[in-house]
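Colleague: Here it is, the structure, as structure tokens.
The values are calculated or read from the model by the stated rules, or taken from the named source; none is laboratory data. These numbers were taken from a predicted model, which means no experiment stands behind them. Here the Cβ is made from the backbone with ideal geometry for all residues, glycine too, and neighbour counts use every protein chain on show. Please note that ligands, DNA and RNA were not included when accessible areas were found on the heavy atoms of the full protein model with its side chains. Shrake-Rupley method; radii C 1.70, N 1.55, O 1.52, S 1.80 Å.
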Amino acid sequence: SASSHTAISYFQPRTAVDAMTATLATGGKKELIYGKFYSQPLDGNRILPRSKPPLRVLVVDDYPDTAESMATCLSAAGLEARMTRDGVEALEVANEWRPAVCIVDLTMPRFDGFELAQKLRAQPWCSDTVLIAHTGWTGEEMRHRAKAVGFDGYLTKPADPQDLLRMIDEKVRERSAL
């Protein structure tokens, strides 16, 4: 029997619209996979100065389309992005790769974003790492809980790419000043 699978087509994004709207190719049919359109040019140079080597960002989300589109957006802005699908895998990658920024979904299998933040903050190398919660949860209680376990910032899904880049810039500068 013929196997059926979903392929993701990649391209060199020029705008946030391009980066956040990777398409699913299923039998020639293309679908938007990141539900929100953006029209501003994605210009990481204006917000985040290019660094050599590029700033490392780990995207942690159990929904692969979200992680992939966000990693594509970050890469288009000149950052080095990797992605993982759960807290266990993220902790392993982070301990080896040592990212400057981790963008973390709060509700994931194995262990969630709150537990991941606590485990990362327990690592001596993670004192300067910026942790940003990226979640569908909108309440103040979740924001307070995220801050209490060590998150530096909180964005509600889907985050505008410019807001995300501005937050990364702001929080990296704050952590560097400590």
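Colleague: Of the numbered conditions (1) under 11 Å from the mean Cα position of the chain (by Cα); (2) surrounded by fewer than 17 Cβ atoms within 10 Å (Cβ to Cβ), TRP97 satisfies every one except a single condition; which is it?
Modeller: (1)
Colleague: Any idea how many residues of the stretch 122-154 are touching a residue at least 40 places away in the same chain (Cβ under 8 Å) and either on the phi > 0 side of the Ramachandran plot or of a type in the set (A, V, I, L, M, F, W, C) (or both)?
Modeller: 3
Colleague: Of (1) over 14 Å from the mean Cα position of the chain (by Cα); (2) open to solvent by 10 Å² or more (accessible area, probe 1.4 Å), CYS126 satisfies all except one. Which?
Modeller: (2)
Colleague: Moving to a separate point now. Please go through (1) surrounded by 14 or more Cβ atoms within 10 Å (Cβ to Cβ); (2) hydrophobic (A, V, I, L, M, F, W, C); (3) assigned to a helix (DSSP H, G or I) for CYS102 and return the number of the only condition it doesn't satisfy.
Modeller: Going through (1) surrounded by 14 or more Cβ atoms within 10 Å (Cβ to Cβ); (2) hydrophobic (A, V, I, L, M, F, W, C); (3) assigned to a helix (DSSP H, G or I) one by one, CYS102 breaks only (3).
Colleague: Taking the options ALA90, ALA159, ALA133, name whichever one is surrounded by 14 or more Cβ atoms within 10 Å (Cβ to Cβ), of a type outside the set (Asp, Glu) and in a helix (DSSP H, G or I).
Modeller: Answer to the check: ALA90.
Colleague: Considering the stretch 58-71 alone, what residues qualify as being closer than 23 Å to ALA148 by Cα and either in a strand (DSSP E or B) or open to solvent by 30 Å² or more (accessible area, probe 1.4 Å) (or both)?
Modeller: Those that are closer than 23 Å to ALA148 by Cα and either in a strand (DSSP E or B) or open to solvent by 30 Å² or more (accessible area, probe 1.4 Å) (or both): LEU58, VAL59, VAL60, ASP62.
Colleague: When the residues of the stretch 72-87 are filtered to those that are in a helix (DSSP H, G or I) and open to solvent by 10 Å² or more (accessible area, probe 1.4 Å), which remaining residue is nearest to HIS134 (Cα to Cα)?
Modeller: In this case the residue turns out to be THR72.
Colleague: GLU140 passes all but one of (1) open to solvent by less than 10 Å² (accessible area, probe 1.4 Å); (2) over 15 Å from the mean Cα position of the chain (by Cα); which number fails?
Modeller: (1)
Colleague: On the given criteria, is GLU174 modelled with pLDDT of 95 or more, exposed (fewer than 15 other Cβ atoms within 10 Å of the Cβ) and part of a helix (DSSP H, G or I)?
Modeller: no
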